[in-house]
Amino acid sequence: MNIVGADLVEVSPPYDHGGITALTGANLLFEMLCVLPGVKYLK
């Protein structure tokens, strides 16, 4: 897989009463930060 970048666009706390969306957003961002350093870049 050729990963170029990652982006987490928006999490809206006013519409997230249970905190599930914020937790999912934080988990996705953490996964992105863990995966990207191991990506091999082609020159």
For the stretch 16-28, Karplus couplings with θ = phi - 60° (6.51, -1.76, 1.60), whole Hz, Gly/Pro x: 10, 5, x, x, 5, 5, 5, 5, 5, x, 5, 5, 5
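Tally Lys and Arg at +1 and Asp and Glu at -1 over the other residues with C-beta under 13 Å from the C-beta of Leu29: what net charge comes out?
On the way: positive: none; negative: Asp7, Glu10, Glu31.
Around Leu29, the charge tally is -3.
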Ranked by how many other beta carbons lie within 10 Å on average, peptides 26-38, 6-18 from highest: 26-38, 6-18
Approximate spin-label separation Leu36-Thr24, in nm, with each point projected 7 Å along Cα-to-Cβ: 2.2 nm
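We did not get these values from a lab; they are worked out from the coordinates using the rules stated. This one's a predicted model, so the numbers in the text were calculated from it and none came from an experiment. Backbone-built Cβ (ideal geometry, glycine too); neighbour counts: all protein chains shown.
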